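The values are calculated or read from the model by the stated rules, or taken from the named source; none is laboratory data. Just so we're clear, the structure is a prediction, and the values are computed from it rather than from any experiment. Cβ coordinates were reconstructed from backbone atoms using ideal geometry, including for glycine residues, and neighbour counts include every protein chain displayed.
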Amino acid sequence: MQAISDICIIGGGISGLYLAHQLKQSQPGLRIQLFEALEAVGGRVQTEPMLDGQFRAEFGAVRIEPDLQPLMDRFVQELGIAVTPILSHEAGSAILPAAERLTAAERAVLERAAGGDAAWALLWYGIEQAIGDQWDFAGDRLDRPGRAADKAGLRRDARFAGRPLYQQGMWNVLADVLSHEAVEFAREKGAFYNFKNQNPNAADWICQLLDMRLMQRPSYIPQGGMQALVDAAEQAVRGAGVEIHLRHQLDAIVERDDGDLDLRLRHGDAGATVRTRRVILALPRRALEALAPSLPAPVLACLDAVLCFPIVWASCVMADPWWGPDTAPGSGEGASIRAAHFESHPATPGAYGLAMFYNDDPWCHYWANLAEQPGARFPHKNRPVRSADPRLRLALERTLQQTFGRDDVPRLLEWGLCDWSAAPFGAGVHFWKPGRDSAQVMATLAAFALGADGRAPQVHICGEAYSDFQGFFEGALRSAQRVLQLLPHAATPSHHQGFHDVCN
Ligand SMILES: Cc1cc2nc3c(=O)[nH]c(=O)nc-3n(C[C@H](O)[C@H](O)[C@H](O)COP(=O)(O)OP(=O)(O)OC[C@H]3O[C@@H](n4cnc5c(N)ncnc54)[C@H](O)[C@@H]3O)c2cc1C
């Protein structure tokens with residue numbers, strides 16, 4: 001007889017690993033299998049050793065903000081991971097808007113913010129104009145009792161210009177309360193996260209910005225890079241008895257007559273079927289869309305509720321670097337990039353340096369075109385991000401020349417690129433579209449049945465893409481928590497033996 005697992009988790013990103021970890025902590029007897037399509041778990045984390053491991057270039061997530069990410073912070077502590085604070089944030093632009101095209105009130109805002117971040121100041125002036133009567137900005141604190149419920153109420157009920165805020169795009173709202181110069185300046189020069197390059201849902205974005213505004217404690221990164229987090233999580237999950245199957249891609253889910261599920265998986269050239277009581281899809285939008293034939297219509301209707309934001313990182317190691325240990329991150333002005341980070345070699349800072357260039361819209365498209373194999377350009381996990389492509393090398397040399405205002409040719413030793421738009425990810429990060437009710441979509445995806453015959457839910461979706469803190473690990477963990485709260489009623493350990501048996 002084919003054995004059954006209690007829960008199968010699809011996707012070994014941070015949400016899948018966290019779910020497996022939490023489930024085993026609360027119900028050690030559960031039979032859990034985790035299937036990951038790629039050669040390694042970790043998802044949108046990619047720490048790449050460069051110069052024989054003397055540098056660690058992060059091509060995916062780079063920092064954890066403990067004030068913004070309390071669940072993630074607790075997970076790091078539970079895993080016993082040592083961390084290092086990151087004291088520098090991405091640099092803002094030094095360029096200022098044309099004062100004569102601003103309103104008198106906007107000019108006063110900039111005078112008060114003199115020497116600070118002009119785009120950030122104008123953004124907050126606009127937000128306060130739009131919803132200042134609906135949120136107590138002056139008395140806001142992250143630890144204020146009842147704040148989370150108030151924020152959920154704001155997300156749901158806030159209104160602007162006589163209409164629900166969530167039905168409106170952020171730039172539509174700001175265009176009604178700011179001058180065009182202020183809107184354009186904030187959109188083009190703001191360093192406040194990559195969602196600004198499209199038109200995010202105003203209610204969801206303001207709720208997220210409300211938290212970002214109050215952040216105080218410095219961000220940190222695990223010692224050993226983000227890969228140390230993935231390694232510790234994988235070790236803990238395996239140690240707790242979860243079976244992790246790498247290079248297993250879920251292709252379809254079929255409901256059996258008895259209500260159990262058959263998972264059709266691809267493993268290299270072979271097919272495999274695994275029987276389970278429940279499945280948790282810890283996947284982003286594009287990976288879920290690839291499963292569309294298996295998903296019911298109400299779930300499919302939710303999938304396009306989020307925007308997909310492309311991100312491309314390009315990095316290089318340089319001999320005789322043009323920067324030193326105290327060089328600030330660059331704003332991206334003067335080069336085809338969004339932002340630059342510079343690191344010095346810890347032992348010989350004059351000898352080697354690592355430059356990392358972050359690119360969201362529009363510059364990500366320029367860099368994506370420099371990948372070695374367009375169409376299959378995502379060098380994730382199974383082969384190094386490092387590249388031998390001379391076009392990429394030339395682009396990096398020119399970017400360094402533009403960034404530092406020099407004509408001589410930098411001496412590059414290694415270089416690489418990572419484009420998160422390619423399969424199986426389809427995006428660097430996601431955000432809610434205007435007009436979509438994020439709370440309703442999250443509730444629909446958190447638990448559903450495959451058939452329309454009134455059966456209890458057996459399928460759950462979680463992950464950063466459909467969460468209430470997108471773009472961050474915290475969103476992935478929060479959505480996993482939502483699924484965990486729905487599970488205990490039904491996820492009782494089964495008593496079958498050899499649950500990982502697979503029939504080919
Ligand atoms: C460049 C970049 C920088 C970032 N910086 C930060 C940061 O500094 N701080 C922060 O908190 N967050 C950051 N993020 C966001 C953070 O990386 C994500 O929120 C988080 O990693 C998402 O985890 P997830 O589990 O939801 O999804 P993913 O990490 O996307 O995991 C999904 C997994 O599912 C697998 N998969 C897909 N399809 C299938 C299938 N059919 N069968 C089996 N497996 C499948 C994938 O291979 C992947 O491993 C950044 C993201 C990017 C891209």
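Observations on the model:
- When residues of segment 327-353 are limited to those that are farther than 18 Å from PRO49 by Cβ and β-branched (Val, Ile, Thr), the one farthest from the chain's Cα centre (by Cα): THR327
- Failed condition for TRP322, given (1) within 16 Å of the ligand (Cβ to nearest atom); (2) in a loop (DSSP other than H, G, I, E, B); (3) among the aromatic types (Phe, Trp, Tyr): (1)
- Condition check for LYS189: surrounded by 15 or more Cβ atoms within 10 Å (Cβ to Cβ) and either in contact with a Ser or Thr (Cβ under 7 Å, 6 or more places away or on another chain) or free of Cβ contacts under 8 Å to residues at least 24 places away in the same chain (or both): yes
- Restricting attention to segment 417-472, the residues that are in a loop (DSSP other than H, G, I, E, B) and of a type outside the set (Lys, Arg) total 29.
Here's the yes/no breakdown for (1) more than 22 Å from the chain's Cα centre (by Cα); (2) under 30 Å from ILE7 (Cα atoms); (3) not basic (Lys, Arg):
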{"residue": "HIS180", "(1), (2), (3)": "yes, no, yes"}
{"residue": "ASN194", "(1), (2), (3)": "no, no, yes"}
{"residue": "ASP204", "(1), (2), (3)": "no, no, yes"}
{"residue": "ARG213", "(1), (2), (3)": "no, no, no"}
{"residue": "ALA236", "(1), (2), (3)": "yes, yes, yes"}
{"residue": "ILE280", "(1), (2), (3)": "no, yes, yes"}
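- Residue match in segment 140-150 (condition: assigned to a helix (DSSP H, G or I) and in contact with a strand residue (DSSP E or B) (Cβ under 9 Å, 6 or more places away or on another chain)): no
- A residue that is over 23 Å from ILE95 (Cα atoms) and at pLDDT 90 or above occurs somewhere in segment 330-344.
- The residue list ALA228, ALA301 contains one member that is within 15 Å of the ligand (Cβ to nearest atom) and among the small types (Gly, Ala, Ser), which is ALA228.
- Residues of segment 195-207 that turn out to be farther than 18 Å from LEU122 by Cβ and out of contact with any Ser or Thr (no Cβ under 6 Å at 6 or more places or on another chain), as a count: 4
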